[in-house]
Amino acid sequence: MAEINKKSLEHLADLARLELSGKESESFLVDLQKILDHFNELQELNTEEVQPMTGGTMSKNVMREDEIFKEDHYTDAGKLAEQFPERQDGFLKIPPVFE
Amino acid sequence: MHLHDLTIKKFHEGLLKKDFSALEITKEFFDYIEVKDKEIGAYLSLAKDEAFLRAEKADLKIAKDEPMDALSGVPLAIKDNILIDGQPATAASKILENYKAVYDATVIKKLKAVGAVFLGKTNMDEFAMGSSTENSGFKLTKNPYDLERVPGGSSGGSAAAVAAHMAVAAFGSDTGGSIRQPASFCGVVGLKPTYGAVSRHGLIAMASSLDQIGPFTKTVEDAAILFKTIAGKDQFDSTSVETNYNDELLNPKLEDVKKLTVGLPEEYFISGVEPGVIKAVESAINQFKSLGINFKKISLPHTKYALSCYYIIMPAEVSANLARFDGIRYSKIQNPKSKIQNLLELYKRQRSEGFGPEVKRRIILGTFVLSSGYYDAYYAKAQKARALIKKDFDEAFKEVDVILTPVAPTPAFKFGEKTSDPLAMYLSDIFTIPVNLAGLPAISIPVKQATSDMSRVTSHKPLPIGFQLIGKHWREADILGMGMFYERLQI
C-alpha cells in the first residue's frame, strides 16, 4: 500500500501549513509509515455492499430557518476582537498578504 | 466535613443542613489545591474570585430559604478545552496560551443556571490528543495513586483532580476514551454519553463526529445528576438531540436492573489484556451475578478493525478542525524565532511552534488520508468499516441490553513508557474506541476492592482498575442503574 517518503511528507506539511524540522521529519517518516502499515488490515474487509457512516449518527440533515440570531454572543464582535493578539481600531492586524 | 468524603449528594445535604457554607468549602478546596496540586499538577488555571462569587450566591439562596438545585454551590473542575466566559481555554496547547474564552459552552451555561461553582481548568493532552496527558504543552499530571504513573488521558487533569479530592466532580471530553480511560486509571467514575445527548457547543473541537462531553465523579449517582443537567438539544449544535431522560436516570429500580441481560464480547477478553485486569473485571461480573443479573457471551466480530478505523477518521477530522488555528485570530506565539515576511510564512511558523509533535503528526496523517489518490483507500474505507462496527453493536443489542468489558488493557502505566511509540500509545484505547465510532453511551466504574489483590508485580502500590458498561443509544439509564446498584453492594 501507500508509502510516505521525504518528498511526500514535505508536500503534506505544506498543505497543512506546517514546517517540520529535520529531526521531526525523520521521526514522522518512521511513525507514519508504521501507522499506515497498520491500516493495511482494513483492506481484508469486504465493504462492497456497505453504506459508509459519514458522521456520529445516521440522522439526516438538520435545517433551521434562515433568520438573524437574537443571541448576543455571536454579535459581540468587540469581545471577539479583544482576543486578537494584534489589533488596531477593532481590526485584526497581520503581516502583508500581497508582495 | 472532610473534603475527601464529599460527593455531590453529601455536599447538597450538608449545605441544606447548614453543616457548612458553600463559600467555606470552596475556600477549603483552594487551600487544599495550593498544597496538593504541587504534587499532582491537575490544574492549569484557577478562578478563585469568580468561584467565591458563585459560592456566595449559593449561600445567599440558602439564607433566603430559596429552592436549591442539587448542584447549587458544588465546586467543579473543568477540562481546559471547554469554554468558560472570561477564563483561559488553552486546550493545553501553546498556540492558545494567552487565549481567554469569550462565551460559555452550553454545558457551562447549564451548570451556571443551576448554581455550580467552577474552581479552575484542568490539564489534558494537547487538544485532547493522547492517552496519558503527557502531550500537554504545559506540564505533567501525576496519578494520585502512584506519582510515577500517568493519570491516563486525555482528560487526565480532571480525573486526577477528582481522585485527589481537589474537586467534588469534574468534566472532560471523550473522543476515543478520554473520559473512561483516565477514570479507570484514577479510580473514579467516568461517563461518556450517547453521541448527540450533550451539546458540543463551546468544546474546542477535535473530531466532531466522535467528541462528547461527560462527567467525572466519585459515585455513579453523582454522574447521573451531572449528566441529567447537561443533556438536551441545543440550537448551537445541530447534532444534539431532544432527549427524554426521566426519573429512572436518577432513581433506577432494582427490579428493572435485575431484568437486564449483559453481554460479554469475546473480542474484549483476549490474551493481550493484563491478567490482573481480567481478574478484576471478572470479580465485578460475579458481583453483578449476585444481584441476579444474567450474562451472555456475545461476539463483536469487527472489533479488531476499530483502531485502524478510528486512526483514519479522527485525524481526518482533526486536520480540518485545527485549520482554524492560524496563529493570528486566537493567541499568538510570542517572539517567533525569525522575522516573518508574509502571511503564509506566519501561518507555518505559528502553527509549527504552537503545536506539539502529536498534534502535528495527526494533522499530517489526516491530511494524507483525505488527499486525492488516497481518499478512497483510507477515509472512505474507514467510514465503511465504521458502519460495520456500529452494525456489530446493533446486532448484539438485539440479544442483550448492556455490554460489559474492561476499560483498558492495563492499569495506569509509567511516565515515558509509551511516548516513543505512538502505536503502542494508541493501543491503550482499543476497548473504548469502538463505543465512540458507534456513538454509544458507556461508563467506567472502579472495580470494588480491586486494589487489594490486583496490584502488579512491577508495583508495590495497588492501582485502580475500571470496568466498562456500554448501553444502547439513549439508554444511559441502564448503565447508570447497573452502576448504582453495584455501588450499593456490600463486599
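Bear in mind these aren't lab numbers, they're just calculated from the coordinates by the rules spelled out. Treat the numbers as computed from the prediction; the structure is a model and nothing was measured. Cβ sites come from the backbone with ideal geometry, for glycine too, and all protein chains shown count toward neighbours.
Per-structure values
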read-out	value
C-alpha center-to-center spacing [region B:104-119, region B:372-413] in angstrom	33 Å
For region B:380-397, Karplus couplings with θ = phi - 60° (6.51, -1.76, 1.60), whole Hz, Gly/Pro x	4, 4, 5, 5, 6, 4, 4, 4, 5, 5, 5, 5, 3, 5, 4, 5, 4, 6
Qualifying trypsin sites (Lys or Arg not before Pro) for region A:21-99 [loop in DSSP, other Cβ within 10 Å: at most 14]	A:60, A:64, A:70, A:93
For region B:204-254, size of Cβ-based charge dipole, Lys and Arg +1, Asp and Glu -1, in debye	100 debye
P(r), alpha carbons of region B:156-272 - 5 Å bins starting at zero, rounded %	2, 11, 17, 19, 20, 17, 10, 3, 0, 0
Alpha-carbon centroids, region B:63-101 and region A:10-78: separation in whole Å	28 Å
Amide hydrogen neighbours beyond the local backbone of residue B:298, cut-off 5 Å, H modeled	B:264, B:266
Stretch gain in nm, segment residue A:26-residue A:46, where the contour uses 0.36 nm per residue and the Cα spacing is subtracted	3.7 nm
Segment residue B:324-residue B:10, length gained on full extension (0.36 nm per residue, minus Cα span)	108.8 nm
Amide H partners (placed H, <5 Å) of residue B:467, local residues excluded	B:445, B:447
Two-site FRET efficiency, residue B:63 against residue B:139, from Cβ-Cβ distance with R₀ of 60 Å, rounded to 0.05	0.90
HN-Hα J in Hz across region B:263-273 - Karplus 6.51, -1.76, 1.60, θ = phi - 60°, x for Gly and Pro	x, 10, x, 4, 6, 9, 10, 10, 5, x, 7
Too-long pairs where the Cα-Cα distance tops 30 Å, listed order kept, from A:6/A:93; A:34/B:339; B:142/B:289; B:228/B:448	A:6/A:93; A:34/B:339; B:142/B:289
Peptide B:299-312, shielding by other chains (average Cβ, 10 Å cutoff)	2
Neighbouring partner chain Cβ atoms per residue of B:383-395, average, 10 Å criterion	4
Estimated [θ] at 222 nm from DSSP helical runs (n ≥ 4, -39500 (n - 2.57)) normalised by residues in chain B, nearest 500	-11500 deg cm²/dmol
Amide H within-cut-off set for residue B:43, under 5 Å, with H built and near neighbours excluded	B:123
Derived scalar couplings ³J(HN,Hα) [region B:474-480; Karplus, 6.51 cos²θ - 1.76 cosθ + 1.60; whole Hz; x for Gly, Pro]	6, 10, 4, 4, 5, 6, 5
Exercise: per-residue mean of other protein chain Cβ atoms within 10 Å, A:32-42	6
